[in-house]
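Read through the structure below, which is laid out as structure tokens, and then see the notes.
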Amino acid sequence: MAAIDEEQEALLAAEDGLAKGTRACTDREVTSLQLSSPQVPDAERPLIAQSSLYATHWLSTWGQRMWEFSIGLIMLEMYPSSLALVSAFGLTDSLAKLFSGSFVGSYIDRTGRLKAACSMYVIQNTAVVLQL
């Protein structure tokens, strides 16, 4: 009897497009999921997601550019009589981007996007910790 139940579940899963070993939600689970999720109309969800994505990207880019600008000002404050330190930093930063850009791009193309993003995040945070 158990073998028949497993076969029926496998057939139902194949018909529903589910992977083997997974199951569909029951009506009770669907109702509890609907009650716990925010009550946003389906037509507005893509607009909210897109707006959130744009806002996050804008804030991230703005923060990065403000940090890059402030580095130059801090270096200028350290040695106000010369722009050598600021220009050396700019040259080093540009050369690092030039030589590592193709490597990072090919790494992202070879691996999955999430794995590449997580590994780049770890590398960035490691560099910040080593800098201290």
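Accessible area, 1.4 Å probe, largest first: how do T126, T92 sort?
Result, largest first: T92, T126.
When the Karplus curve 6.51 cos²θ - 1.76 cosθ + 1.60 is applied with θ = phi - 60°, which whole-Hz ³J(HN,Hα) does each residue of segment 67-72 get, with x for Gly and Pro?
Whole-Hz 3J(HN,Hα) from phi for segment 67-72: 5, 4, 5, 5, 4, x.
Across segment 46-58, in residue order, what do the Karplus-derived ³J(HN,Hα) couplings come to in whole Hz, using 6.51 cos²θ - 1.76 cosθ + 1.60 with θ = phi - 60° and x for Gly and Pro?
x, 5, 5, 5, 5, 5, 5, 5, 5, 5, 5, 5, 4
Given the whole protein assembly as supplied and a 1.4 Å probe, what does the accessible area of L47 come to in Å², nearest 10?
Answer for L47: close to 110 Å² accessible.
Provide the per-residue ³J(HN,Hα) series for segment 121-132, in order, calculated from phi with Karplus coefficients 6.51, -1.76, 1.60 and θ = phi - 60°, each as a whole number of Hz, with x at glycine and proline positions.
Computed from phi, the couplings for segment 121-132 are 5, 5, 4, 5, 5, 5, 5, 5, 5, 5, 6, 6 Hz.
Report the extension gain between E68 and V104 in nm, rounded to one decimal, defined as 0.36 nm multiplied by the number of residues separating them, less their alpha carbon distance.
Working: separation 36, 0.36 × 36 = 12.96 nm, distance 2.04 nm.
Length gained between E68 and V104: 10.9 nm.
Quick one: which residues, 5+ away or cross-chain, put their amide H under 5 Å from the amide H of T111? H built at 1.01 Å from N.
Those qualifying (amide H under 5 Å, at least 5 residues apart or on another chain) number zero.
The values are calculated or read from the model by the stated rules, or taken from the named source; none is laboratory data. As the structure is a computational prediction, the values presented were derived from the model and not from experiment. Heavy atoms of the whole protein, side chains included, go into the accessibility calculation; ligands, DNA and RNA do not. Shrake-Rupley method; radii C 1.70, N 1.55, O 1.52, S 1.80 Å.
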